[in-house]
Amino acid sequence: MKYIDGFRNPGAADALRDDIASLAEKLPQSGQPGMTDLLGEPASTTGVPACPSEHRDTKVRTTNIMEVCGSHTMAIARYGIRDLLPANVNLISGPGCPVCVTDTGYIDAAIELARRGLLIVTFGDMLNVPGSETSLAAARSEGLDIETSYSPTHALELAREHPDREIVFLAIGFETTVAPTMALLEEARREGIQNLTMLIAFKLVPPALQALMTDPDLHIDAFLCPAHVSAIIGADAYAPFTGEDGVPCVIAGFEPLDILLGLKGVLEQLVNGKACVENQYGRVVRQQGNQKAQDIMARFLKPADVAWRGIGVIPKSGLVLREKYAEFDAEKRHAITIPIGEIDPACRCGDVIKGIAGPFDCPMFGTVCTPSDPVGPCMVSSEGSCAAYYKYSR
Amino acid sequence: MPVHKEDRILLAHGGGGRLSRDLIDAEIVSRFGDGPLKGLPDGATLPISSDHMVFTTDSFVVQPIEFPGGNIGDLAVHGTVNDIAVCGGVPRWLSLGLILEEGLPLDLLRRVLDSLKAAADACDVTVATGDTKVVAAGQCDGLFINTAGVGEKLETFQLSPANLQPGDRILVSGPVGDHGFAVLAARESIHIQNGPQSDSAPVHRLVQAALPQAADVRFMRDPTRGGLASVLNEMVEDAPIGISLKEEHIPVSPGAHAVSELLGLDPLHVASEGRLLMVCSATSAPDILTAWQALPEGQQAIEIGEVTSEAGRVVLQTLMGGRRLVDVPRGELLPRIC
């Protein structure tokens, strides 16, 4: 814990805050108009993620920095980091929580498998993600066998313990979770385990960034790039988003000082008119990433077009099992197809994630869609923009 | 005295016949049979010396039944004793309802009852009445306990969240979240050296230590399920006041801190089972803290924040100098931890 506490030093945070403030004064007056939150205070003073549209304060121009990763979003909220930033620096929470962007169709498929009597093993935070009709938590309350676990290895243990049961692991996550989950398949094959399959919904970060970059509605001045994902894919993976037509991409760790340092790096680039990849998390992230993990990923899986809740299908943004591992593929073994979920046409999460609409612009906000009964990813995540606005508007 | 050669609970132990009687004699009467339980009457007749009594009940279904720092037995005493204590009562009497699952190892039942007895003695409460049922395998998870409690009201305490005024201080008697993290680590088989130990303990002596300042004590709670965050949010709900906390002052033990980092859980959301949260006037806070710190269970007592005029909001001043809302945990964080 000593190691972690070193990255939470209040004195160092003060110094970084001062650096960020003086850099922000030198920012070019560009980007989206600034925002105020629903209380009329500048958004950055309340911890509520700012959103444009109706809450604009035309006097302040802001620089929009998207933190792509859900763990950054959580850490920013937990340490009140928005509160430390000048009014013209705005953080937008990107689609970087793999649970929140899980499509309704995937949840429907998992529940269908449970209804057939299979034992479903899932990460706990998937329980409340809504499918088209119900959630895994509600399905479990009907008596279906749905177990939560902190680690995929639990699925393998269950498969060993219950050779008479078919176990399905809900394999979701970004690049970080892929290699350990696939290593499990290797182990299962070695042991000759026949009763374990995976319902796969792995997602990839760079294709999502690509989709956001090319979205004409979106005005992002820089990306704060994920810590752990970058450890796998490497700093070089962000090169395509930088350069002449690109934006600064700064990789930062998840500790508060890491994030402040990352934001300082972003502002330095913006002030100096640069747009390059900067690795502020050098203690973990290498230029080429983790080759071993990348090899495992390539051996077991291949890219596929997959659906992101609230955004829709993004080309080559997911991974599916290769043919030679079909025995572990829940879709093939149990003859089920993960449907592409219908996007509720009223849900504006896609626009909220992109920062082009605010929660109040959504007709379902606070009525049909609430934290205990969420529709879109911004409400599913406790730190999503809509959930945060809901918290304040009560 | 062996109750059955198999040394496991059988359905017949709940059948009301010879085996039932043997179980009650060997395990219940032997431990609790000296007081009002003597002769096993249908109900207990109890002397009460105060004008008002405090009456509460709680059920305990924790898994695992035994965890680092305690088991369901002492938890069932502390939970009910603490509910009485934070209402300004002196705990006196407990009822003991046991629901046993067929197949429960008798050794485990004995360990639980030994802990329960030791905890009751330490809290100076008496098990006055009880009931034991056996259900078929699969109908409960090993062992469930219900305890109801009766206490004598300390009339000098006038406690209500409506008493809270801006400037009042928030005190906590020790590190928060240890119980929840200990149970979670045990349940998930997370093995950490010097990992969290349950803080399961009584708080009634802490309450009594604040008696000289009773007029300045506004409200008390024990932050169990939902943790500090839930208790504090309940206090300010629909109220014209809010609460401001200082993260640097909130005590979290190293073991709990490690598990919280590992699992990404906020210690403010996690249960304690032996901590007292008190709101008191600013002038009385130093004296109460001094009195608490003189007790073994209050050595790490500290002021963690104050009441504000920011209506309905619990705000945390973070270590980094930022501010954030402290929300109530949503859904199941730690199912069945008490």
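At-a-glance table
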| quantity | calculated |
| --- | --- |
| Failed item, numbered, when A:Met297 is tested on (1) under 27 Å from A:Ala15 (Cα atoms); (2) under 20 Å from the mean Cα position of the chain (by Cα) | (1) |
| The one condition in (1) at pLDDT 95 or above; (2) outside the structural domain of A:Ala171 (by TED's automatic domain parsing); (3) surrounded by fewer than 21 Cβ atoms within 10 Å (Cβ to Cβ) that A:Gln294 fails to fulfil | (2) |
| Residue check, A:Val168 under 23 Å from A:Ala75 (Cα atoms), in contact with a helix residue (DSSP H, G or I) (Cβ under 7 Å, 6 or more places away or on another chain), crowded, with 24+ Cβ neighbours inside 10 Å and among the β-branched types (Val, Ile, Thr) | no |
| Looking only at segment B:301-331, and only at residues there that are among the charged types (D, E, K, R), assigned to a loop (DSSP other than H, G, I, E, B) and under 14 Å from B:Leu164 (Cα atoms), the one that is farthest from the other protein chains (Cβ to nearest Cβ) | B:Glu310 |
| Selection status of B:Glu237, surrounded by fewer than 22 Cβ atoms within 10 Å (Cβ to Cβ), within 28 Å of B:Leu263 (Cβ to Cβ), of a type in the set (D, E, K, R) and modelled with pLDDT under 95 | yes |
| First in segment B:51-71 and surrounded by fewer than 17 Cβ atoms within 10 Å (Cβ to Cβ), second anywhere and in a loop (DSSP other than H, G, I, E, B) and of a type outside the set (S, T, N, Q), Cβ under 7 Å, 6 or more apart | B:Asp51/B:Glu155; B:Gln63/B:Asp141; B:Gln63/B:Arg336 |
| Residue check, A:Asp217 more than 14 Å from every other protein chain (Cβ to nearest Cβ), crowded, with 20+ Cβ neighbours inside 10 Å and at pLDDT below 95 | no |
| Options B:Gly274, B:Gly298, B:Gly264: the member that is within 11 Å of chain A (Cβ to nearest Cβ) and either more than 30 Å from A:Leu257 (Cα to Cα) or free of Cβ contacts under 8 Å to residues at least 12 places away in the same chain (or both) | B:Gly264 |
| The lone exception for A:Ala387 - which of (1) without any contact (Cβ under 8 Å) to a residue 24 or more places away in the chain; (2) among the aliphatic types (A, V, I, L, M); (3) more than 14 Å from every other protein chain (Cβ to nearest Cβ) it fails | (3) |
| Matching residues in segment A:69-112 - criterion: being touching a strand residue (DSSP E or B) at 6+ places or on another chain (Cβ under 6 Å), of a type in the set (A, V, I, L, M, F, W, C), crowded, with 23+ Cβ neighbours inside 10 Å and more than 13 Å from every other protein chain (Cβ to nearest Cβ) | A:Val89, A:Ile92, A:Val101, A:Ala110 |
| Residue ranges of strands (runs of 3 or more DSSP E) in segment A:244-337 with at least 3 members touching a Gly at 6+ places or on another chain (Cβ under 9 Å) and within 14 Å of chain B (Cβ to nearest Cβ) | none |
| Unique match (being in contact (Cβ under 8 Å) with a residue 60 or more places away in the chain and assigned to a loop (DSSP other than H, G, I, E, B)) among B:Leu46, B:Leu40 | B:Leu46 |
| Answer residue from segment B:224-246, given it is out of contact with any helix residue (DSSP H, G or I) (no Cβ under 9 Å at 6 or more places or on another chain) and either of a type outside the set (Gly, Ala, Ser) or part of a helix (DSSP H, G or I) (or both) and is farthest from the other protein chains (Cβ to nearest Cβ) among those | B:Val231 |
| The listed residue being modelled with pLDDT of 95 or more, more than 14 Å from chain A (Cβ to nearest Cβ) and more than 23 Å from the chain's Cα centre (by Cα), out of B:Val150, B:Val134, B:Val127 | B:Val134 |
| Some residue of segment A:382-394 being polar (S, T, N, Q), at pLDDT below 90, surrounded by fewer than 16 Cβ atoms within 10 Å (Cβ to Cβ) and outside any loop (DSSP other than H, G, I, E, B) | yes |
| Single residue of segment A:316-367 satisfying the filter (of a type in the set (S, T, N, Q) and under 20 Å from A:Tyr106 (Cα atoms)) that is modelled with the highest pLDDT | A:Ser317 |
| Some residue of segment A:343-361 being in a loop (DSSP other than H, G, I, E, B) and on the phi > 0 side of the Ramachandran plot | yes |
| Set A:Thr122, A:Thr148: member being among the β-branched types (Val, Ile, Thr), in a strand (DSSP E or B), in contact (Cβ under 8 Å) with a residue 24 or more places away in the chain and in contact with an Asp or Glu (Cβ under 8 Å, 6 or more places away or on another chain) | A:Thr122 |
| Where a residue in segment A:80-98 is at pLDDT below 90 and its partner, wherever it lies, is aromatic (Phe, Trp, Tyr) and assigned to a loop (DSSP other than H, G, I, E, B), with Cβ under 7 Å and at least six apart | A:Pro98/A:Phe174 |
| Counted residues, segment B:96-113 - those being among the β-branched types (Val, Ile, Thr) and under 17 Å from B:Val135 (Cα atoms) | 1 |
| B:His249 vs. criteria in contact (Cβ under 8 Å) with a residue 24 or more places away in the chain, within 25 Å of B:Gly69 (Cβ to Cβ) and surrounded by fewer than 19 Cβ atoms within 10 Å (Cβ to Cβ) | yes |
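The values are calculated or read from the model by the stated rules, or taken from the named source; none is laboratory data. Quick caveat, the model's predicted, so the values are computed rather than measured. Cβ atoms come from the backbone with ideal geometry, glycine included; neighbour counts cover every protein chain shown.
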